[in-house]
Amino acid sequence: MSPLHIDGRNGRSTIYVDGSIDALAELRGARRLFIITDENVFQHHGARFPAADDVVVVPAGESSKNLADVERIYERLIAAEIDRDALIVGIGGGMVTDLAGFVAATLLRGLPCGFVATTVLAQVDAAIGGKNGVNIQGYKNMVGTIRQPAFVINDTSLLATLPAQQFVNGLAEVVKSGLIADAELFARLEAHGPQLVATQRDGHLAEVLARAAKVKVDIVNRDEFETGERRLLNLGHTYGHAVEKRTQMPHGFAVSIGMVVAAHLSVQRQMLAPEDAQRIENVLRRLGLPVSADVPRRALMDAMRKDKKRASDTVNYVLLDAIGHAVTVPIAYDELERTLDDLRLPVA
């Protein structure tokens, strides 16, 4: 598949959906190269990294995505005499691309950056679109920027080392892409999802990931700064982020539960056919994703009231009026709490 492009305010971002990490040496050009990665990625793929001025390796996991670690990276790069002729490249999953993108956007008032995405979640979502954020007090991405990377390399060969749970975790964002804008993609997951999980390869993998990436690229090109349509990419994330904070479960798992809740809310509002909500739940189950979580409702509501999408006493909730088409609906928090209490959600 040909590269995809996002024409952002700070320049063009090229997404190589069938790329190779080996292209990084050419893409850096004559710039000094500074790599940010995590321990797991460095262990599995460090031998394929090009020569760099410095390689910063952080502990794997979401706990590294915080301002204290950002400051430590600043200090490390300053000690390495980074300058404005530098290129910062994040090689890893969503945590690494968020961290590297945030550092690049803020150090020396902004440096060019690129990503090599090593997880399913990063290849279809986290590395694409320019959002870079870090967490505060357990709340997701509360401090961040929107600034496009110069390039994103999606190398599916790097997915071979992913643990099965992490592979499945990323498929939640693929399902989301199908639900909001690509009914054919969703149908392919219905038909071939179990094979994707069983092999972590399958002949359909590259095409499925490329289609999911294209959904995000197309939306970001129309709404880079999330003034309207880009909000649709948050399907499942309002409830999902609350579950993620309260349970520490993987992001994709929490978003899966959030999508089930969104589907049931859509049915309750007579926007989505009940059989379509059941199809969504069935696909998620067959992919090995959770559809419910045993979390006290009050704890979830407290977390959702701190959601970035809130506007005074309402939240911009993403619902579905068909598989392949999403809409944003403002819902008052009091109404949302009553509605969630009335929903017949799957049992954990």
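What follows is calculated from the coordinates using simple rules that are stated; it is not laboratory data. From a predicted model like this one, the values you see are computed outputs, not experimental measurements. Reconstructed Cβ throughout: ideal geometry from the backbone, glycine too, with neighbour counts over all protein chains shown.
If R0 equals 45 Å, the separation of the Cβ atoms of A191 and A311 corresponds to a calculated FRET efficiency of about 0.70. Averaging the sequence gap over all C-alpha pairs within less than 8 Å and six or more residues apart, then dividing by the number of residues, gives the chain a relative contact order of 15 percent. Placing +1 on the Cβ of every Lys and Arg and -1 on the Cβ of every Asp and Glu, with nothing else charged, gives the range 164-342 a dipole about its Cα centre of roughly 420 debye.
Using a Förster radius of 35 Å, what is the FRET efficiency between A198 and L108 based on their Cβ-Cβ separation? Nearest 0.05, please. All intermediate terms of the calculation are to be shown ahead of the outcome.
Working: r = 47 Å, r/R0 = 1.33.
Approximately 0.15, to the nearest 0.05.
Express in nm, to one decimal, how much length is gained between N282 and Q165 on full extension, taking 0.36 nm for each residue of separation and deducting their alpha carbon distance.
Values: separation 117, 0.36 × 117 = 42.12 nm, distance 1.82 nm.
Extra length from N282 to Q165 when fully extended: 40.3 nm.
Using a cutoff of 8 angstrom between alpha carbon atoms and counting only pairs six or more residues apart, the relative contact order for the range 4-161 works out to 28 percent.
A simple spin-label model places the labels of I78 and A51 2.9 nm from each other, with each point 7 Å out along Cα-to-Cβ.
Size of the dipole of the chain about the Cα centre, Lys and Arg at +1 and Asp and Glu at -1 on the beta carbon, nothing else charged, in debye to 20? Could you put the intermediate results ahead of the total?
Details: 38 positive and 43 negative charges, 70 e Å.
I would put it at about 340 debye.
Suppose R0 equals 35 Å; then what is the FRET efficiency for I136 and S2 from their Cβ-Cβ distance, rounded to the nearest 0.05? Efficiency at R0 = 35 Å is approximately 0.35. Within the range 56-109, the trypsin sites (Lys or Arg not before Pro) that combine a DSSP coil assignment with at most 15 other C-beta atoms in a 10 angstrom radius are R84.
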